Ligand code: FES
């Protein structure tokens, strides 16, 4: 069964149409986000379908997909909780925030919790060092997070009641956030 349904193939064509003739390969990132929006991650079949659309080898697409942490190749929860533990955040307690999240979500949550709700990810700098420690959920930022704060955040997500992020609006589940990154849904900004 193909990853890209007829509707998603139409979306893929819309994405490809944004690029000048001969430059369609520049569409690789939005096409990968489109595939991710269909399956909640980028599978081998998804890589192959993107490669076929762009006239590339699957291995070439995989090289790109495996470089970016916003693209997930492994099973992924509905909420990807990324905790920055880089220097500025570490100096302001991010290690404790990450440890608390891991304690609450349990072992194995770096892939996906058993109920499919969460993936916990230890992230490099998220580019918002002045708001350290920074946590992202499905690419929406939560600034100046504490260990207590991440417990509340996880509790709220378990109830599917994400609190408003520090900027913009919450993008929804990981699949919808991926459609936003593909440029196919409005983004209220961060
Ligand atoms: S070091 Fe955490 S956002 Fe930059």
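Please find, within segment 75-90, the residue that is farthest from residue 154 (Cα to Cα) out of those that are part of a loop (DSSP other than H, G, I, E, B) and modelled with pLDDT of 95 or more.
The extreme case among them is 86.
Is there a residue being surrounded by fewer than 22 Cβ atoms within 10 Å (Cβ to Cβ), closer than 30 Å to residue 147 by Cα, in contact (Cβ under 8 Å) with a residue 40 or more places away in the chain and not assigned by TED's automatic domain parsing to the domain that holds residue 130 anywhere in segment 40-48?
Yes.
Condition first: in contact with a strand residue (DSSP E or B) (Cβ under 9 Å, 6 or more places away or on another chain) and farther than 24 Å from residue 155 by Cα. Now tell me which residues in segment 33-73 satisfy that.
69
Table: residues versus (1) crowded, with 16+ Cβ neighbours inside 10 Å; (2) within 24 Å of residue 42 (Cβ to Cβ).
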residue	(1), (2)
87	no, no
109	yes, yes
114	no, yes
137	yes, yes
167	no, no
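The values are calculated or read from the model by the stated rules, or taken from the named source; none is laboratory data. Treat the numbers as computed from the prediction; the structure is a model and nothing was measured. Neighbour counts run over all protein chains shown; Cβ positions are idealised from the backbone, glycine included.
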